[in-house]
1. Do you know which of the residues in segment 72-116 that are small (G, A, S), closer than 24 Å to S33 by Cα and outside any strand (DSSP E or B) is modelled with the lowest pLDDT?
2. Considering only residues of segment 12-71 that are in a strand (DSSP E or B) and either over 24 Å from the mean Cα position of the chain (by Cα) or more than 30 Å from P90 (Cα to Cα) (or both), which is modelled with the highest pLDDT?
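The values are calculated or read from the model by the stated rules, or taken from the named source; none is laboratory data. Keep in mind that what you see is a predicted model, and the values were worked out from it rather than measured. Cβ atoms come from the backbone with ideal geometry, glycine included; neighbour counts cover every protein chain shown.
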Amino acid sequence: MKKLMLVASAAAFLVFASSAFAQGFDATFGFGSITSSKASTSNGLIFPSERGGLYPGFTADLMVHRRLGIEGDVFWRASQGLYGSEPYRPILWSFNAIWVPRISKNSSGEVLAGIG
């Protein structure tokens, strides 16, 4: 009887979950990599390249109005590189405004504009 009640409760939750409104806040964690040019030399100084390596990071967005919101993300290099003889770890960030236009009844797009 307890198993039947558990299954019935789970089924009822799934049935009513489809009629719930969209999320107002999303947060994610992910990994990426960068493709960029090789390190260059200018006036005897070597500028390091940001390419290579794994870049873990966090992203979050908050819809403050029906179709408008804010978004931010931060990614950093998992391993340190050398800038001359000093260790460095690049940190990449951005903050954006989000506009979500409705394309059809069941789909929408996402347009981002910001700094970073």
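1. Top of the filtered list is G84.
2. Among those that are in a strand (DSSP E or B) and either over 24 Å from the mean Cα position of the chain (by Cα) or more than 30 Å from P90 (Cα to Cα) (or both), it is L68.
Per-residue answers, yes or no, for (1) farther than 17 Å from F25 by Cβ; (2) surrounded by 10 or more Cβ atoms within 10 Å (Cβ to Cβ):
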residue	(1), (2)
R67	no, yes
I70	no, yes
N96	no, yes
R102	yes, yes
S107	yes, no
